[in-house]
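The values are calculated or read from the model by the stated rules, or taken from the named source; none is laboratory data. On a predicted model such as this, the values are computed, not experimentally measured, just so you know. Glycine also receives a Cβ, built like all others from the backbone with ideal geometry; neighbour counts cover every protein chain displayed. We work out accessible area using only protein heavy atoms, side chains counted, and drop any ligands, DNA or RNA first. Shrake-Rupley method; radii C 1.70, N 1.55, O 1.52, S 1.80 Å.
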Amino acid sequence: VAEGEFETRFVEHAYIEPEAGFAERKGNRIEIHACTQAPVMDQETVAAVLGLELDQVRILPTATGGGFGSKLDVSVQPYLALAAWITGHPVRLTYSRRESMQSTTKRHPSDMRVRIGATDSGRLTAMEFDGDFNTGAYSSWGPTVATRVPVHASGPYMIPNYIARATGIFTNAPPAGAFRGFGVPQAAIALEALLDELAETLGKDPLELRIANALTNGTRTVCGQVFSQGVGIKACLEALRPAWQAEKKAAIEANLQNPTIRRGVGVAAGWYGCGNTSISNPSTFRAGVRTDGKLVLHQGAVDIGQGANTVIAQIFAEALGVPAMTVTLESADTDITPDGGKTSASRQTFVSGNAARLAGETLRRRILERVNAEEDATLAFEMGCIRVTGKASSHKIDLSALPVENGYVFEAIETYDPPTKPLDENGQGEPYAPYGYAAQLAVVEVDMELGTVKATGFTAAHDVGRAINPLLVEGQVHGGIAQG
């Protein structure tokens, strides 16, 4: 048995761009341009603050300059709306760094007590996790953290006997909220540290201990969920094996040769469920063809730097069967784009991507049905027409001759909601449709004379069933400031 108590503290998001935006009153409506991860949630909150109907509030997301979870909560939006509404003049506001740090959420501090058991052969047998998470003076995303942590605290490992509890606690501290993982990184710190202790106690290699206990296709998670495919953690860990063996040997040699520089090697793994935990998590997309032949995708999923604008357009284009450059993107705007859901919990590529896929498939089917073309026919969008070319026939659809509805002659609106099931009283169910998996090897050198640290990492990731080649990342830390 390995056991321990672990504490983590507040962490500030410190994104490059602090909260910023501007607002204008236009008649009986308010329009807000601001950095956000959740435009529809902003719309709902501003409407509630001002006592307006939902359709009186328009949110137009601007470039976020970094979000990481904190920009899920409103910040400048209600102040901008209130000032513009009362004065009738355009209003703009940018937080200073001090104001941003004073008024926005932080990563949840945690106090965790964890025990893990294993057999002499290194097979994990049981785990108990109990964590208190300081959500500060307001809830923010505290309930989400308390729900997500027990599902993930086991890590991507097979643990047959498992009990986990997490509690969000109100305090007089600053509010804590979403920050890259909703509490999962805090729990991973405790788990991975104890796995290293178990490996040392049992005389096992830390990497091999993890590989031996890694989840695989067909095995049960601690929630009783079984995936027939896409469980990639073992492949990630095995991908690190050559670098792990080489770096361990290099560390021993380096420590013998130079007593002033100490080198260490570590390994850890993680998993993360995509989207909301055990509850509905839909995304809706709209696509259409105009009379001039322009193909338009209404993309309501906010791109905060993760590439949603690119990848979702590519998914839509592939489903429709046209080059991505054919697609004209209408980015998030509560007046013209359906609700793509909030950009959080690694959900947009999978959830909104599937909604875009469905929209592309539906639009393609309607075009082909118009001329009774075969399923594998090719589409070409030209000025005022669509050319449909099959093996046995070809057609030209004159778009000017078709009726226009909602601005389009062909239109598709599709929603995708991941297939999840609520957890029962024993925490059993299907909380997520897919998980992402990753493993990392880290080499750290400490110069005892200069007081500097150099860290090199090898990461292997398996995200929603797609393997990514190991990446090499280097950086240096001087006085707590990361460089590189």
Odd one out for SER352 among (1) polar (S, T, N, Q); (2) touching a residue at least 12 places away in the same chain (Cβ under 8 Å); (3) more than 28 Å from THR277 (Cβ to Cβ): (3)
Quick one: is THR64 crowded, with 20+ Cβ neighbours inside 10 Å and modelled with pLDDT under 95? yes
So, in the stretch 416-457, of the ones that are touching a Pro at 6+ places or on another chain (Cβ under 7 Å) and among the hydrophobic types (A, V, I, L, M, F, W, C), which residue ends up least open to solvent (accessible area, probe 1.4 Å)? ALA433
Selected residue (only one of LEU194, LEU237, LEU209, LEU198 is at pLDDT 95 or above, assigned to a helix (DSSP H, G or I) and in contact with an Asp or Glu (Cβ under 8 Å, 6 or more places away or on another chain)): LEU194
Members of the stretch 258-308 found to be under 16 Å from ASP417 (Cα atoms) and surrounded by fewer than 17 Cβ atoms within 10 Å (Cβ to Cβ), listed by number: ILE279, SER280
Near pairs, Cβ below 6 angstrom, 6+ apart or cross-chain, from the stretch 316-330 (without any contact (Cβ under 8 Å) to a residue 24 or more places away in the chain) to any residue that is open to solvent by 20 Å² or more (accessible area, probe 1.4 Å) and of a type outside the set (Gly, Ala, Ser): ALA324/GLN314
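Determine which member of the set VAL145, VAL114 is touching a Ser or Thr at 6+ places or on another chain (Cβ under 8 Å), aliphatic (A, V, I, L, M) and closer than 23 Å to TYR435 by Cβ.
Checking each option against the conditions leaves just VAL145.
Go through the stretch 6-21 and report how many residues are surrounded by fewer than 18 Cβ atoms within 10 Å (Cβ to Cβ) and either aliphatic (A, V, I, L, M) or over 21 Å from GLN186 (Cβ atoms) (or both). Spell out how you get there, then give the answer.
Start the filter on the stretch 6-21 by keeping residues that are surrounded by fewer than 18 Cβ atoms within 10 Å (Cβ to Cβ), which leaves 6-7, 9-12, 14, 16-17.
Now restrict to residues that are either aliphatic (A, V, I, L, M) or over 21 Å from GLN186 (Cβ atoms) (or both): 11, 14, 16-17.
Within the stretch 6-21, residues that are surrounded by fewer than 18 Cβ atoms within 10 Å (Cβ to Cβ) and either aliphatic (A, V, I, L, M) or over 21 Å from GLN186 (Cβ atoms) (or both) number 4.
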Among the residues of the stretch 72-87, is there at least one that is closer than 29 Å to GLN186 by Cβ and in contact with a helix residue (DSSP H, G or I) (Cβ under 6 Å, 6 or more places away or on another chain)? yes
Checklist (1) open to solvent by 50 Å² or more (accessible area, probe 1.4 Å); (2) touching a Leu at 6+ places or on another chain (Cβ under 7 Å) applied to LEU363, failing item: (1)
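Kindly indicate whether any position in the stretch 135-157 is among the polar types (S, T, N, Q), closer than 21 Å to LYS421 by Cα and open to solvent by less than 20 Å² (accessible area, probe 1.4 Å).
Yes, some residue in the stretch 135-157 is among the polar types (S, T, N, Q), closer than 21 Å to LYS421 by Cα and open to solvent by less than 20 Å² (accessible area, probe 1.4 Å).
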Let me confirm something: among GLY293, GLY288, GLY305, GLY300, which residue is in contact with an Asp or Glu (Cβ under 7 Å, 6 or more places away or on another chain), in a loop (DSSP other than H, G, I, E, B), touching a residue at least 12 places away in the same chain (Cβ under 8 Å) and farther than 26 Å from ILE30 by Cβ? GLY293
Quickly run through the stretch 252-275 and pick out the residues that are among the polar types (S, T, N, Q) and either assigned to a helix (DSSP H, G or I) or under 24 Å from the mean Cα position of the chain (by Cα) (or both). ASN255, GLN257
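Would you mind stating whether LYS249 is assigned to a helix (DSSP H, G or I), without any contact (Cβ under 8 Å) to a residue 24 or more places away in the chain and either within 23 Å of ALA2 (Cα to Cα) or touching a Pro at 6+ places or on another chain (Cβ under 9 Å) (or both)?
Working: assigned to a helix (DSSP H, G or I): yes; without any contact (Cβ under 8 Å) to a residue 24 or more places away in the chain: yes; either within 23 Å of ALA2 (Cα to Cα) or touching a Pro at 6+ places or on another chain (Cβ under 9 Å) (or both): no.
No.
Say whether the condition of being of a type in the set (S, T, N, Q), under 26 Å from the mean Cα position of the chain (by Cα) and modelled with pLDDT of 95 or more is met by at least one residue in the stretch 111-129.
Restricting attention to the stretch 111-129, the residues satisfying the condition of being of a type in the set (S, T, N, Q) are 119, 121, 125.
So of that shortlist, the ones also under 26 Å from the mean Cα position of the chain (by Cα) come out as none.
So far as the stretch 111-129 goes, no, none of its residues is of a type in the set (S, T, N, Q), under 26 Å from the mean Cα position of the chain (by Cα) and modelled with pLDDT of 95 or more.
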Just give me the residues in the stretch 41-59 being buried (at least 20 other Cβ atoms within 10 Å of the Cβ) and touching a Ser or Thr at 6+ places or on another chain (Cβ under 9 Å), in sequence order. ASP42, GLN43, VAL57, ARG58, ILE59
Considering each residue of the stretch 67-109, count those that are open to solvent by 10 Å² or more (accessible area, probe 1.4 Å), under 24 Å from LEU50 (Cβ atoms) and hydrophobic (A, V, I, L, M, F, W, C), and give that number. 7
Has the stretch 395-410 got any residue that is at pLDDT below 95, in a loop (DSSP other than H, G, I, E, B) and farther than 28 Å from GLU31 by Cα? no
